[in-house]
Amino acid sequence: MIKKVFEKPLNLLETIFFLDFIKGLAVTFKQGVSKTITTHYPYEKLTPPKRFRGFFGHKIVDGFEPQPAFDEWVERMKIEPQKGASRCVVCYLCKKACPVPDLFEIDGKKLENGKKVVSVFNMNLMLCTFCGLCVDACPVDCLFQSDIHETASFTRRDAILDLQKLETIGKSWQQRREEEPDRIWIDDEARDVLWRENKLKLPKVDNA
Ligand code: SF4
Ligand code: SF4
């Protein structure tokens with residue numbers, strides 16, 4: 001059944017003095033003279049929230065791996081963790097979770113003691129939808145998405161993230177933002193500056 005909705009009839013005052021029209025103009029005028037809340041990108045840049053889904057990175061072994069998951073997976077996959085290098089345990093769960101698994105190229109190298117380390121980890125981001133399923137699947141909090149979002153380039157090669165790039169992004173992230181609470185905005189003060197006073201004084205992101 002279709003419910004019929006009728007226009008509210010105007011009363012005499014509204015008809016004579018165009019009250020609705022004046023109310024509409026008042027809103028337009030108010031917005032016209034208020035300060036802008038948009039940013040002048042690329043001259044002003046906001047720091048994306050911590051949970052932003054940007055370029056990927058590999059967190060490195062630094063003694064703060066999620067426990068007991070990390071030790072269990074290291075044991076299960078016979079991995080030799082390397083301090084300062086990727087936490088990856090070569091479990092392929094990220095690749096299995098991905099709707100486009102062929103964008104991953106992952107391999108491990110055997111060491112003399114019979115254990116292994118990750119030796120190849122390439123991601124072709126030209127095929128990636130940035131859905132984050134691979135990140136959710138990683139059992140050792142290695143693969144993550146960073147705040148790096150200015151990723152345009154002149155070559156297709158730049159869209160391939162290799163192990164070295166992933167580790168560099170991971171190290172930078174752990175220094176810059178690992179300790180930061182997970183909030184929508186970088187901090188409540190910065191959000192207030194933007195949305196209440198409209199004066200942008202947000203910290204600059206070092207995207208490297
Ligand atoms: S973000 Fe989605 S599409 Fe991209 S690699 Fe991860 S799972 Fe695959
Ligand atoms: S899920 Fe994590 S640990 Fe496993 S292969 Fe992918 S990045 Fe490495």
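Each reported figure results from applying straightforward, stated rules to the coordinates on display, with no laboratory input. Predicted model, so just to flag it, every value in this text is computed and none were measured. Cβ: placed from backbone, ideal geometry, glycine included. Neighbour counts: every protein chain shown.
Mean sequence separation of contacting Cα pairs (under 8 Å, at least six apart), scaled by the length of segment 56-178, corresponds to a relative contact order of 36 percent.
Put a dot 7 Å past the Cα of F18, heading toward its Cβ, do the same for N113, and the two dots end up 8.4 nm apart.
Extension gain, K96-Q175: 0.36 nm per intervening residue step, less the Cα-Cα distance, totals 25.5 nm.
Sorted largest first, the principal axis extents computed over the alpha-carbon atoms of the chain equal 92, 51, 40 Å. Considering segment 56-178 at the alpha-carbon level, its Rg and Dmax are found to be 14.0, 43 Å. A Cβ-based charge dipole, computed about the Cα centre of segment 56-178 with Lys and Arg at +1 and Asp and Glu at -1, lands at about 240 debye.
Please report, in debye to the nearest 20, how large the charge dipole of the chain is about its Cα centre when each Lys and Arg carries +1 at its beta carbon and each Asp and Glu carries -1 there.
So the dipole magnitude of the chain works out to roughly 480 debye.
For the chain, what's the relative contact order in percent, using C-alpha pairs closer than 8 Å and at least 6 residues apart?
Rounded, it is 29 percent for the chain.
With a Förster radius of 41 Å applied to the beta-carbon distance between K8 and I37, the computed FRET efficiency rounds to 0.80.
When both segment 76-118 and segment 1-28 are represented by their alpha-carbon centers, they are found 65 Å apart.
Across the options A159, G170, Y92, the greatest Cα extent toward the positive end of the charge dipole of the chain (unit charges at beta carbon of Lys, Arg, Asp, Glu) belongs to A159.
Selection among V120, I22, Y43 by position relative to the dipole of the chain gives I22 as farthest towards the positive end (Cβ unit charges, Cα centre).
Cβ crowding within 10 Å, taken as a proxy for footprinting-reagent exposure, orders R87, R176 from fewest neighbours to most as R176, R87. Listed by chain and number, the lysines whose C-alpha is less than 27 Å from the C-alpha of K30, apart from same-chain residues fewer than 8 away, are K8, K45, K199, K201.
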